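Below you'll find the structure, written out as structure tokens, and then a few comments.
The values are calculated or read from the model by the stated rules, or taken from the named source; none is laboratory data. Computed from a predicted structure; not experimentally measured. Positions of Cβ are backbone-derived with ideal geometry, glycine not excepted, and every protein chain shown enters the neighbour counts.
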Number of protein chains: 2
Amino acid sequence: MSIDGPPAKDVHGPEHPQSVGYTRARKTVFHQDGPPFQLAAGGRLAPVEVEYETYGALNPARDNAVFICHALTGDAHAAGWDEAPDGPLKAFRGKKPGWWDDMVGPGKPIDTRRFFVVCANVLGSCYGTTGPMSLNPATGRPYGLAFPVVTVADWAALGFKLLDHLGVDRLHAAVGGSMGGQQALEMALAQPDRVANLIILSAGFRLGAQGLAFNAVARYSIINDSGFKNGDYYGGPGPLAGLSTARMLAHITYLSEESLGHKFGRRLQGKDKPDFTPVGVEFEVESYLQHQAGSFVARYDANSYLYMTRAVDYYDASTWGDGDLTRAAARLKARSLVASFSSDWLYPPELCRELVSAMCRAGRAVTYVDIPSRYGHDAFLVETETVSRLIRGFLRP
Amino acid sequence: MSIDGPPAKDVHGPEHPQSVGYTRARKTVFHQDGPPFQLAAGGRLAPVEVEYETYGALNPARDNAVFICHALTGDAHAAGWDEAPDGPLKAFRGKKPGWWDDMVGPGKPIDTRRFFVVCANVLGSCYGTTGPMSLNPATGRPYGLAFPVVTVADWAALGFKLLDHLGVDRLHAAVGGSMGGQQALEMALAQPDRVANLIILSAGFRLGAQGLAFNAVARYSIINDSGFKNGDYYGGPGPLAGLSTARMLAHITYLSEESLGHKFGRRLQGKDKPDFTPVGVEFEVESYLQHQAGSFVARYDANSYLYMTRAVDYYDASTWGDGDLTRAAARLKARSLVASFSSDWLYPPELCRELVSAMCRAGRAVTYVDIPSRYGHDAFLVETETVSRLIRGFLRP
């Protein structure tokens, strides 16, 4: 779910032949007039602005679109270099390419010479699509907690609305990792005729009790920060400490015992002997987490963090079969690829296999791979070579 | 490390023939006069008050003492029912028996008809032994962060000081789980001639990088709570929200994915459908964690939490062999029992086996058991029947 993986990678610039080059986010507004957007959890919202990027071109048959779904704190900027970084939360853009630049570009596994690639920021997030920090037209101030609860179902519905707008009837593929994998799955379940292929990486059909527990602690940490002010903090610094704690905690769950041990072990931070301080930084791993959290709070909105984690909590694909996952899977018409990673303990391989087994029982076409990796949940962003081969092979004409 | 395990147990009262009955904590003061207590990390402290309990009687040969070491947030009240609960942090006492009442009593595995059992609260804690909330004689106010950093080595040294005071030269056994297992190990390493038998449950010879990371987040959460006031919060409520977050987080690490799944799954808290709220409680597991944290903050001092977790961070038994664990283990003269639990991910079985392997390589007498359990780190307090059989067998004359 974090967009930066442990090992440093070769990053190429916008001039590289395999880069989509400079990109510019686009926006479209739905429900400006007429009835509001009806949310699955009961709320209503109008207008609904969606920020998205596209790479490559839609072919005349309009059958080459690939919809990419981002993870918890991701955005629409999946590939290339942002031409126009704007807004305080987007300051990190431009400094590095889109979060899935490894996978998307001319000649890359999701080949923009062949595909028309669309990536949209989800509802409730803070990167251009309407969310808690957007202005509430009823008050002229940011929504804060007045923002309605959003669900993965809403993201799927809004994704299709955007595809309608772009003239895409049927997706060649819906693709996503982690939370994005759940959105891709939801799109294939909600409108089976509109998704020909489905790629799900590092994602379960729902979160387990331990994942719910970690999300609960993260939210608790934000909500109980004195800077939270019941979500109405936009004039001040906001719950920065609470959001930092939440991010540090979440970051641990994206890695693994093995990768942390391998990368940091028990090494001290820039010294041979501890300072023996109850409150300072002693170990490298402490310093790393604080650094990560520091850059995170500068680029993410705490209210969005609450709404995003809640949406992940609520998601359970088996509800399409009234609790029976096989019945849910029977809805699918997509040919599917599911990949788990051996050291992922947020969506462990066993959980991924439950979905795959249900697909098999329902007689659906599915390829499943459990990839040996020490990089934990983040492996889908880190194991570039393996994931590249996998996606390239699956999307081969 | 939590003192309450998942499944409800049969608890018997103080009148039961296998109970040590009503107990009363005792205190003794060291370093009232003369030179101060020299701490391993460099600090000095005087006076040093130690709260402890004893059960059973020291035999004339003075060779039947068993020293029990408590876990992170435990205390000296290992068995029986406290006769005199006192102080705000001890209010929870009296309502339930000592934290290891299952193991200690007449006819129980650590049989008080046979053994003289001693359990002392560790330095830096908040249950009677000198710690950050104790009055600093230099200022007449609580130490707060002026309290010196304590280490497991200090606990071992102070344990022996208490044993001197009680007239015990050599322990029949040092016993502990989790952090207590580290203290027991440290006692056997620091003064090998004084520990005949050693029992270590759910403890590693040091904490791994992931454990360091979780402790760091917990401390960060406390320190960045606006109520923390650099540790000088004793006139006010203190960093209650930060300490709650720390405890909720730690609590997850004491359980396991499987036990959380088994106990709570994704069940909603007292309702059939979610309320769809970004900030309220939806799932049982959220409610459980908040409840646990609520009772914890009423009974534990945030500064102590910082010092205790730091001591655990710093501990590394291999320093006795200059980083070579086998050389360290060669110091041991105790006959040892080490038990890990299959689902413990804070001190995973592989980590426990590193110590056992080092003991074997050093030619030391060690029995090792990896106990299949779904209860995670807390299993040493939960798997009563198995642990009873194990300890009973190991201590058999």
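Table for the structure above
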| item | result |
| --- | --- |
| Within the stretch A:194-208, tally of residues that are more than 8 Å from chain B (Cβ to nearest Cβ) and surrounded by fewer than 24 Cβ atoms within 10 Å (Cβ to Cβ) | 3 |
| For A:Met248: the one exception among (1) without any contact (Cβ under 8 Å) to a residue 60 or more places away in the chain; (2) surrounded by fewer than 23 Cβ atoms within 10 Å (Cβ to Cβ) | (2) |
| Matching residues in the stretch B:214-231 - criterion: being more than 8 Å from chain A (Cβ to nearest Cβ) and within 15 Å of A:Ser287 (Cα to Cα) | B:Asn215, B:Ala218 |
| Checklist (1) crowded, with 21+ Cβ neighbours inside 10 Å; (2) modelled with pLDDT of 95 or more; (3) closer than 27 Å to B:Trp345 by Cα applied to A:Ser304, failing item | (3) |
| For B:Arg93: the one exception among (1) in contact with a His (Cβ under 8 Å, 6 or more places away or on another chain); (2) under 24 Å from B:Gln292 (Cβ atoms); (3) modelled with pLDDT of 95 or more | (3) |
| A:Asp169 being touching a residue at least 60 places away in the same chain (Cβ under 8 Å), touching a Leu at 6+ places or on another chain (Cβ under 6 Å), more than 22 Å from A:Asp82 (Cβ to Cβ) and among the charged types (D, E, K, R) | no |
| Selection within the stretch B:140-156 - hydrophobic (A, V, I, L, M, F, W, C) and either in contact with a strand residue (DSSP E or B) (Cβ under 8 Å, 6 or more places away or on another chain) or outside any helix (DSSP H, G or I) (or both) | B:Ala146, B:Phe147, B:Val149, B:Val150, B:Trp155 |
| Tally of residues being in contact with a helix residue (DSSP H, G or I) (Cβ under 7 Å, 6 or more places away or on another chain), crowded, with 24+ Cβ neighbours inside 10 Å and at the interface with chain A (Cβ under 9 Å from one of its Cβ atoms) across the stretch B:232-245 | 3 |
| Residue match in the stretch B:291-299 (condition: crowded, with 21+ Cβ neighbours inside 10 Å and away from every other protein chain (no Cβ under 12 Å)) | yes |
| Qualifying residue in the stretch A:346-359 (condition: under 16 Å from the mean Cα position of the chain (by Cα) and either among the polar types (S, T, N, Q) or within 14 Å of chain B (Cβ to nearest Cβ) (or both)) | yes |
| All positions within the stretch B:145-168 that are at positive phi and surrounded by 20 or more Cβ atoms within 10 Å (Cβ to Cβ) | none |
| Residue list for the stretch B:257-280, filter: within 8 Å of chain A (Cβ to nearest Cβ) and either touching a His at 6+ places or on another chain (Cβ under 8 Å) or among the hydrophobic types (A, V, I, L, M, F, W, C) (or both) | B:Leu260, B:Phe264, B:Phe276, B:Val279 |
| Segments classed as helices (runs of 4 or more DSSP H), wholly inside the stretch B:345-397, with at least 1 members that are free of Cβ contacts under 8 Å to residues at least 24 places away in the same chain and not assigned by TED's automatic domain parsing to the domain that holds B:Leu249 | B:349-361, B:384-395 |
| Lone unmet requirement of (1) facing chain B (nearest Cβ under 8 Å); (2) under 30 Å from A:Val175 (Cα atoms); (3) in contact with a Leu (Cβ under 6 Å, 6 or more places away or on another chain) for A:Gly211 | (1) |
| Single unsatisfied condition, B:Asn303 versus (1) in a helix (DSSP H, G or I); (2) more than 25 Å from the chain's Cα centre (by Cα) | (2) |
| Count of the stretch B:131-189 residues which are over 19 Å from the mean Cα position of the chain (by Cα) and either more than 18 Å from B:Val118 (Cα to Cα) or among the hydroxyl-bearing types (Ser, Thr, Tyr) (or both) | 15 |
| Tally of residues being out of contact with any Asp or Glu (no Cβ under 7 Å at 6 or more places or on another chain) and crowded, with 20+ Cβ neighbours inside 10 Å across the stretch A:318-340 | 9 |
| Matching entry among A:Val117, A:Val29, A:Val122, A:Val104 (being at pLDDT 95 or above, in contact with a helix residue (DSSP H, G or I) (Cβ under 8 Å, 6 or more places away or on another chain) and not small (Gly, Ala, Ser)) | A:Val122 |
| Residues of the stretch A:158-193 that turn out to be in contact with a helix residue (DSSP H, G or I) (Cβ under 7 Å, 6 or more places away or on another chain) and assigned to a helix (DSSP H, G or I), as a count | 10 |
| Answer from B:Ala190, B:Ala184 - the residue that is more than 14 Å from every other protein chain (Cβ to nearest Cβ), buried (at least 23 other Cβ atoms within 10 Å of the Cβ) and under 19 Å from B:Leu123 (Cβ atoms) | B:Ala184 |
| Qualifying residue in the stretch B:130-138 (condition: assigned to a loop (DSSP other than H, G, I, E, B) and surrounded by 24 or more Cβ atoms within 10 Å (Cβ to Cβ)) | yes |
| Filter result for the condition that a residue is of a type outside the set (Lys, Arg) and more than 11 Å from chain A (Cβ to nearest Cβ), over B:Ser304, B:Ser340, B:Ser287, B:Ser318 | B:Ser340 |
